[in-house]
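The values are calculated or read from the model by the stated rules, or taken from the named source; none is laboratory data. Worth saying up front: this structure is predicted, and the values here are computed from it rather than measured. Cβ coordinates were reconstructed from backbone atoms using ideal geometry, including for glycine residues, and neighbour counts include every protein chain displayed. These area figures cover heavy atoms from the full protein model, side chains too; ligands, DNA and RNA do not enter into them. Shrake-Rupley method; radii C 1.70, N 1.55, O 1.52, S 1.80 Å.
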Amino acid sequence: RQAQAALNRRDPARALAMANAALQEAPGDARLRFLKGLALFQLKRMADAEHEFNGLIEEFPELPEPYNNLVRAAQGNLEGARDALEAAIRSVPDYAVAYQNLGDLYLQLAAQRWRHAQKLAPSPVRATRLKALETLLEPSTDRSSGDASRSVTRPAESAVKRAPAGESATPRGSSPTE
């Protein structure tokens, strides 16, 4: 709980220290390991965050949150991110945030391809379509929460955060944050 509170206060260094200390007592606790991955991500230690999320995926393949956050840690690797999100959806078919993030990812892939086409053969039609795609990718305000951001850049913490220590977290029926 203290590590989560530190993350909520945007103090990832403290959250990481607390998660590491708690993991000494409970090394298999998925919730603590997930919090550690989020803290590493917030500290911009992407390789370490990716390693932590991959470890969680190996040990707890039924949890979609590590897949979803692996996407964030593996920035720039859009194909790998797509594979992780599709794995999250296979794990929990009703995980709406993973579908939303996959949709955003497909938009990014489409924009990437349109940029390449425009570079190879510039045309006003390609430029118009590329601009439309880039407009869709701009941060927008989520009407339900008032937050301005793209979903791919926000964590999904719900199920693992709420899981009691030593128990497997099951995201079904939860309301994940993006």
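Matching residues to (1) closer than 25 Å to Arg33 by Cβ; (2) outside any helix (DSSP H, G or I); (3) open to solvent by less than 70 Å² (accessible area, probe 1.4 Å); (4) modelled with pLDDT of 85 or more:
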site: Asp94; (1), (2), (3), (4): yes, yes, no, yes
site: Val97; (1), (2), (3), (4): yes, no, yes, yes
site: Leu109; (1), (2), (3), (4): no, no, yes, yes
site: Arg129; (1), (2), (3), (4): no, no, no, yes
site: Arg143; (1), (2), (3), (4): no, yes, no, no
site: Ala156; (1), (2), (3), (4): yes, yes, yes, no
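For the stretch 23-80, a tally of residues being assigned to a loop (DSSP other than H, G, I, E, B) and crowded, with 22+ Cβ neighbours inside 10 Å returns 1.
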